[in-house]
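Reading through the structure tokens given below for one structure.
The values are calculated or read from the model by the stated rules, or taken from the named source; none is laboratory data. Nothing here was measured: the structure is a model prediction, and the numbers come from that model. Backbone-built Cβ (ideal geometry, glycine too); neighbour counts: all protein chains shown.
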Amino acid sequence: MIKLKTPVSNKDINYLKCGDIVSLSGVIYTGRDAAHKRMIEALDAGKELPFDVMGQGIYYVGPTPSKPGEVIGSAGPTTSYRMDDLTVPLLEKGLKLMIGKGKRNEVVVEGMKKNCAIYLAAIGGAGAYISNSIKSCDIIAYEDLGAEAIRRLEVEDLQLIVAIDVEGNNIYEQGRAIFAK
């Protein structure tokens, strides 16, 4: 297992290969469709983003409310392609990690290759398990979006799979090719 700590640099992720298992620690941010739309609107208007994306990661998640004494509720990944139309401008600003589930479109993969970023897959259906790796959770922007607000998460040993590496090698395509034989 490869240990990775945020924020990351090109050097930190350049050697990671599709299929590698990563243990991620540090700060990541949450964001889904509505939050991405607002971030792109902010960029288009020349405004600052709610956090500096340089070297950071966004986890596509809309966590459930936390129970008393818990940091966060269930925090399973959202299907990532829903953010595809809103991803490349964030990659161009320095976003290095995206965490979710499912395929990405070719425009995003090309943006990842151009901007040295990776896509990490979290296991769908494991939201309660994943929440155990989240040590703190604070809403930092767009609180009116509820579960889709941007949160600052501190994670410890969040286990993920490199689904698409900086060269564009894609576990979804490789897996399909193996089983198509």
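Scan the stretch 142-160 for residues that are of a type outside the set (D, E, K, R) and either at pLDDT below 95 or touching a strand residue (DSSP E or B) at 6+ places or on another chain (Cβ under 9 Å) (or both) and jot them down.
Going residue by residue through the stretch 142-160, those that are of a type outside the set (D, E, K, R) are 142, 145-147, 149-150, 153, 155, 158-160.
Of everything in the stretch 142-160, those that are of a type outside the set (D, E, K, R) and either at pLDDT below 95 or touching a strand residue (DSSP E or B) at 6+ places or on another chain (Cβ under 9 Å) (or both) turn out to be 142, 146, 147, 149, 150, 153, 155, 158, 159, 160.
Can you name every residue in the stretch 112-130 that is assigned to a helix (DSSP H, G or I) and surrounded by fewer than 21 Cβ atoms within 10 Å (Cβ to Cβ)? Steps first, please.
At the first step, the residues of the stretch 112-130 found to be assigned to a helix (DSSP H, G or I) are 112-115, 127-130.
113, 114, 115, 127, 128, 129, listed by residue number.
Filter the stretch 160-169 down to the residues that are within 14 Å of residue 101 (Cβ to Cβ) and either surrounded by 16 or more Cβ atoms within 10 Å (Cβ to Cβ) or not aliphatic (A, V, I, L, M) (or both) and list them by number.
We begin by selecting, within the stretch 160-169, every residue within 14 Å of residue 101 (Cβ to Cβ); these are 160-164.
Matches in the stretch 160-169: 160, 162, 163, 164.
Taking only pairs six or more apart or across chains, which ones have beta-carbon atoms under 8 Å, a first residue in the stretch 99-116 that is within 16 Å of residue 60 (Cβ to Cβ) and touching a residue at least 60 places away in the same chain (Cβ under 8 Å), and a second residue that is among the charged types (D, E, K, R) and surrounded by fewer than 18 Cβ atoms within 10 Å (Cβ to Cβ)?
Between residues of the stretch 99-116 that are within 16 Å of residue 60 (Cβ to Cβ) and touching a residue at least 60 places away in the same chain (Cβ under 8 Å) and residues that are among the charged types (D, E, K, R) and surrounded by fewer than 18 Cβ atoms within 10 Å (Cβ to Cβ), the close pairs are 104/84.
Of the conditions (1) of a type outside the set (D, E, K, R); (2) buried (at least 16 other Cβ atoms within 10 Å of the Cβ); (3) over 15 Å from the mean Cα position of the chain (by Cα); (4) modelled with pLDDT of 95 or more, residue 139 clears all except one; give me its number.
(2)
Only one of (1) touching a strand residue (DSSP E or B) at 6+ places or on another chain (Cβ under 9 Å); (2) part of a loop (DSSP other than H, G, I, E, B); (3) modelled with pLDDT of 95 or more; (4) within 19 Å of residue 139 (Cβ to Cβ) fails for residue 99. Which number is that?
Every condition holds for residue 99 apart from (2).
Can you pull out every residue in the stretch 24-52 that is of a type in the set (Asp, Glu) and over 16 Å from residue 84 (Cβ atoms)?
Of the residues in the stretch 24-52, the ones of a type in the set (Asp, Glu) are 33, 41, 44, 48, 52.
Within the stretch 24-52, 41, 44, 48, 52 meet the criteria.
Check off (1) at pLDDT below 95; (2) more than 16 Å from residue 149 (Cα to Cα); (3) among the hydroxyl-bearing types (Ser, Thr, Tyr) for residue 74 and give me the number that stays unchecked.
Residue 74 satisfies all of (1) at pLDDT below 95; (2) more than 16 Å from residue 149 (Cα to Cα); (3) among the hydroxyl-bearing types (Ser, Thr, Tyr) except (2).
Out of the stretch 78-101, which residues are under 18 Å from residue 166 (Cα atoms) and surrounded by 22 or more Cβ atoms within 10 Å (Cβ to Cβ)?
80, 87, 90, 95, 96, 97, 98, 99, 100 - these are the residues of the stretch 78-101 that are under 18 Å from residue 166 (Cα atoms) and surrounded by 22 or more Cβ atoms within 10 Å (Cβ to Cβ).
Checking residue 96 against (1) in contact (Cβ under 8 Å) with a residue 40 or more places away in the chain; (2) touching a Phe, Trp or Tyr at 6+ places or on another chain (Cβ under 7 Å): exactly one of these is not met. Which one?
Unmet condition: (2).
Only one of (1) at negative phi; (2) among the aromatic types (Phe, Trp, Tyr); (3) more than 13 Å from the chain's Cα centre (by Cα) is not met by residue 119, so which one is it?
(3)
May I ask you to list the residues in the stretch 39-50 that are touching a residue at least 12 places away in the same chain (Cβ under 8 Å) and out of contact with any Leu (no Cβ under 8 Å at 6 or more places or on another chain)? Please lay out each step first, then the result.
Pass one, the stretch 39-50, residues touching a residue at least 12 places away in the same chain (Cβ under 8 Å): 39-40, 43, 49-50.
The one that is touching a residue at least 12 places away in the same chain (Cβ under 8 Å) and out of contact with any Leu (no Cβ under 8 Å at 6 or more places or on another chain): 50.
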